[in-house]
Structure formats: structure tokens, C-alpha cells
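What follows is calculated from the coordinates using simple rules that are stated; it is not laboratory data. Worth saying up front: this structure is predicted, and the values here are computed from it rather than measured. Cβ atoms come from the backbone with ideal geometry, glycine included; neighbour counts cover every protein chain shown.
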Amino acid sequence: MTTTATPTQRQASRAAEETKDRLPFGVLLARLGQESQARFRRGLRPLDLTAQHYIVLKQLQVIGAASQAVLADALGLDYSNLASVTAELNERGLIERYRHESDRRRYVVELSERGTEALEQADQAIGEGEEGLLRTLEPDQREQLWLLLRRVADAAELCPGTPVETAAVCSGEDRSA
């Protein structure tokens, strides 16, 4: 009995054949990811920020004031881990953290003026690292690369979408209805 290959099996077979003459996509993406992450962390180090600090600050920039629970859910972080991170950021004056008006058990956090300034410096440092990595690409090629990576990330349900989409999800709004 002869079975025919499915389209997915045929694509996998072609991909396997292509890797005989070049590195698989996964290897290139993994190495680029490692290099990108190293540049990202090097850019944040002089600012005394960790990647987790940056991600929390950036998310607050996008969604504005939010309860720690909403922020934790938006970032996919454990509540107790986020509480530790927000405590550190609050001690450094990068966020403001206060009790919720109607539910005194909950904390609300928002980006402070000092946090906004730190985030601007971090964005600049990260941009410089990205520039070093992408310097061989023309602006239109960079845009094309970003769009292709965004498409792959969306299909794999990775990384938040646009700030508007992220803010809607994080605030509990459903804009698709």
C-alpha cells in the first residue's frame, strides 16, 4: 500500500534537503537570538536594569497604570515574581506603586517620570545594539525583516502585537467583538 505525503511532510522533506547546503533556519535564528539578547543585556547593564526590569517598564509605558495582577498576566509572569520586580523598581523610583482605591488588598503600578527617563535611555541603548546587528541591511530590508519576523512570531503566538493590541488585551478589553 502506497501512501502519499501530506503538504506538511513534503515541506519538511524540502527543508531537510535544503539544510544539506546551508544552516537550518533554527540554527540561524538561535544564534541571532543569542547575539541580540547579549546586545540587549549589554545595553541595559550601564543603566542598572535587567531584561525583566525593562520589560515591566515597557509594558507599563504601553498600558499605563495597571494592577499588579493585570501586569503579571500581560507579561506571563508569576504574581510573586512580579511583586518582587515592582518592589525593586519602586525602591529605585522608576515606578509608583500604591494601593488600589476600592480594593486595598491590590497594588496599582505606573511608570514614574524617572522611569520614563530610564526607559528612554534604555530604548536608545537597545537601538544602538540593534543598529550594530542590522547595519548591513538597508531601511527597506529592515522593514521587510521585521514584518517577516512579526508574521512568524504571530503564527507561533509569541510576543505581544502592537501597543494598541497589547493595551486592549491587558486592560481586559476585547476589540475583536
Original post:
Of the trypsin sites (Lys or Arg not before Pro) in the stretch 62-110, which ones lie in a loop per DSSP and count no more than 10 other C-beta atoms within 10 Å?
Top reply: 104, 105
Original post:
Residues with amide H under 5 Å of residue 106's amide H, sequence separation 5 or more or different chain, H placed in the peptide plane at 1.01 Å from N; which?
Top reply: 100
Subject >> Charge dipole (the stretch 26-171, unit charges on Cβ, about Cα centre) - positive-most of 62, 112, 49 >> reply: 49
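When a footprinting reagent is the concern and you count Cβ atoms within 10 Å, what order do 41, 31 take, fewest first?
With the sparsest Cβ surroundings first, the list reads 31, 41.
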**OP:** Could you list the GluC sites (Glu not before Pro) in the stretch 93-134 that lie in coil according to DSSP, counting only those with at most 15 other Cβ atoms within 10 Å of their Cβ?
**Re:** 101
Original post:
If R0 is 45 Å, what FRET efficiency do you get for residue 101 and residue 145 from their C-beta distance, rounded to 0.05?
Top reply: 0.50
Subject >> Order of 20, 58 under a 10 Å beta carbon neighbour criterion, fewest first >> reply: 20, 58
